[in-house]
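Trainee: One structure, pasted below without further comment.
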Amino acid sequence: MTESTGGVTHHRRTLLTTALGAAVGLSTGVAAATPPRRRAAEHTQILGRDVDVTRATPDVVRILKSYFEAKTAADLDTTMAHFSQKMTYVDATLGWAWYSREELHDLFARLMPNWPRTAASYPTRIVGNTGSAVVFFTDTPELFGHEIRPVGAVNFEGGKIVRWVDYWDGRAFTMADIAEQRTPADRFPTDFGEKGLARTAPRAIRSAVRALSDALGSGDAHSAASLFHPDALLEDLGLHTTVEGRHSIESFLNSALRSLPYGPGARVRHVSGTGQGGGYEWVNPSALAPRGITALELDDTGLVTRMTSVWDSSLWPDGAITRAQSATILQ
């Protein structure tokens, strides 16, 4: 088609200029919309490893650094000095629980003398403060026979640990070993020590958890995705899956949410963290994997920049895992 008149030429140029301006965010007289800023990453060294402490206060980093150094050194007295006299420690994957400092002391007293010098327990990411925190850490195979990478929900009072609950994927233990060591469902502990704790998580993280858990729990993928930063990450460590970007996250949730254990039927057990991030433990009696934890990192406007969910995929058949993983393939 030939542009035969000045009016047509001017009209086409206007359309092209408008389209180009929209594409690069430079429409006439209007500044480009700027997406919410993400916080620059900050790291520290603990036991010779880089630890992401971007959303952790210095005081909680000091406490956890001291704890993991003592545990790795198999220093029983110093390790136990980090715990309050009244405390709860639960392994939410194996269903093992210790409801007193003495019980936990006796456990470490049996285990630590057998740990070789190469054994280590070290954090990789900490989110929170000395009220409550979520800590990602690694236990090397020398400690418990297999490498495990738990996510711990930790509550403190007066600088001491009053509650610690670990969540991890049981497949790290191999299917045979996890089946042998997991507490049977009819005897699995239901008391995870959250009752009676002071509410330390501020309104910002509680509001973010409420909005996200409500959307996920009702199966509303669109509303859930709207709570994410445009460049957010969704990580599901049970599925060994990472999805990047709000649009891809919505596509994944549209396909997979109905089957995910933190989806329909899930309810919040406990919230930890600060206004910069934290996480929530959840239970879902109708799911094959009925409990887990979802860690959240937030930007300054309250949008989720990173969501990491951990649950025991050994409770799922292989085919169900494969089907859920296939939801990451965009259609």
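Rule-based calculations on the coordinates, nothing more; no lab input. Source: prediction; values computed, not measured. Positions of Cβ are generated from backbone atoms using ideal geometry, with glycine treated the same way; all protein chains shown enter the neighbour counts.
Trainee: By counting other Cβ atoms within 10 Å of each Cβ, how are Y167, Y122 ranked from fewest to most?
Mentor: Values: Y167 27, Y122 18.
By the 10 Å Cβ count, ascending: Y122, Y167.
Trainee: Which Cα, out of Q181, H105, I161, lies furthest along the positive dipole direction of the stretch 43-187 (beta carbon charges, K/R +1, D/E -1)?
Mentor: Selected residue: I161.
Trainee: With each pseudo-label sitting 7 Å past Cα toward Cβ, what's the T183-S223 distance in nm, one decimal?
Mentor: Between T183 and S223, the label points sit 3.4 nm apart.
Trainee: So how far, in whole Å, is the C-alpha centre of the stretch 159-235 from the one of the stretch 54-81?
Mentor: 23 Å
Trainee: Which loop-located GluC sites (Glu not before Pro) does the stretch 146-200 contain, where loop means any DSSP state but H, G, I, E or B and the Cβ has at most 14 other Cβ atoms within 10 Å? Intermediate values should be presented prior to the final figure.
Mentor: Working: sites: E147, E157, E180, E194; in loops: E147, E194.
Sparse-neighbourhood loop GluC sites (Glu not before Pro): E147.
Trainee: Could you check which residue among T190, T301, T72 shows the biggest mean-square fluctuation in a GNM of the chain with a 10 Å Cα cutoff?
Mentor: T190
Trainee: Separate question: How big is the dipole moment of the chain about its Cα centre under a simple scheme where the beta carbon of each Lys and Arg is +1, that of each Asp and Glu is -1, and everything else is neutral? Debye, nearest 20, please.
Mentor: Details: 33 positive and 36 negative charges, 175 e Å.
Magnitude of the dipole: close to 840 debye.
Trainee: Here is a further query. Radius of gyration and Dmax for the stretch 43-99's Cα atoms, expressed in Å?
Mentor: 13.2, 33
Trainee: Then there's this: What nm distance separates the two modelled labels at T190 and A41, each placed 7 Å from Cα along Cα→Cβ?
Mentor: Roughly 4.2 nm, to one decimal.
Trainee: Mind computing the radius of gyration and Dmax over the alpha-carbon atoms of the stretch 199-272? Å is fine for both.
Mentor: 12.2, 35
Trainee: Roughly what % antiparallel, to the nearest 5, for the DSSP beta bridges in the stretch 43-187? Can you show the working numbers first?
Mentor: Values: 27 of 35 bridges.
If I count the DSSP bridges inside the stretch 43-187, around 75 percent turn out antiparallel.
Trainee: What's the ranking of 284-292, 126-134 by average number of surrounding C-beta atoms within 10 Å, highest first?
Mentor: Order by mean packing, descending: 126-134, 284-292.
Trainee: For the stretch 43-187, just the Cα atoms, rotate onto the principal axes and tell me the three extents in Å, largest first.
Mentor: Taking max minus min along each principal axis of the Cα atoms, the stretch 43-187 gives 40, 31, 28 Å.
Trainee: Averaging sequence separations of C-alpha pairs under 8 Å and six or more residues apart, then dividing by the length of the chain, give the relative contact order as a whole percent.
Mentor: Numbers: 653 pairs, mean separation 50.6, N = 331.
Over the chain, the number comes to 15 percent.
Trainee: Going 7 Å from the Cα of T242 along its beta-carbon direction, which residues of the stretch 115-152 have the amide nitrogen within less than 18 Å of the resulting point?
Mentor: Only 124-127, 136-138, 149-151 fall inside the zone, counting backbone N under 18 Å.
Trainee: Here is a further query. Using the Kyte-Doolittle scale, which helices in the chain average at least -1.0 and also have C-alpha atoms spread 18 Å or more along the helix axis, with helices defined as whole DSSP H runs? Intermediate results must be reported in sequence, preceding the final value.
Mentor: Working: long enough: 6-24 (27 Å, 0.31); 58-72 (21 Å, -0.16); 203-217 (20 Å, 0.30).
Sorted by number, the helices that extend far enough and score high enough are 6-24, 58-72, 203-217.
Trainee: Mind checking the stretch 187-277 for trypsin sites (Lys or Arg not before Pro) that DSSP puts in a loop (not H, G, I, E or B) and that have at most 13 other Cβ atoms within 10 Å? Numbers along the way, then the final one.
Mentor: Numbers: sites: R187, K195, R199, R203, R206, R210, R246, R258, R267, R269; in loops: K195, R199.
Here the trypsin sites (Lys or Arg not before Pro) that fit, given the DSSP loop and packing criteria, are K195, R199.
Trainee: Please list, in order along the stretch 122-136, the HN-Hα scalar couplings obtained from phi with the Karplus expression 6.51 cos²θ - 1.76 cosθ + 1.60 (θ = phi - 60°), rounded to whole Hz, x for Gly and Pro.
Mentor: These are the phi-based 3J(HN,Hα) values: 9, x, 10, 8, 10, 10, x, 9, 7, x, 7, 8, 10, 10, 8 Hz.
Trainee: In bins 10 Å wide, starting from 0, what share of all Cα pairs of the chain does each bin hold, as a percent?
Mentor: P(r) for the chain, in whole percents per bin: 5, 24, 31, 21, 8, 4, 3, 2, 1, 0.
Trainee: For the stretch 203-328, what is the convex hull volume of its Cα atoms per residue in Å³? If you can, show how the numbers build up before the last one.
Mentor: Values: hull volume 10.0 nm³, N = 126.
Normalising the Cα hull of the stretch 203-328 by residue number yields 79 Å³.
Trainee: A further question on this structure: Please list, by residue number, every one of the chymotrypsin sites (Phe, Trp or Tyr not before Pro) in the stretch 75-166 that is coil in DSSP and has at most 10 other beta-carbon atoms within 10 Å.
Mentor: Working: sites: F83, Y89, W96, W98, Y99, F108, F136, F137, F144, F156, W164; in loops: Y99.
Loop-located and lightly packed - none at all.
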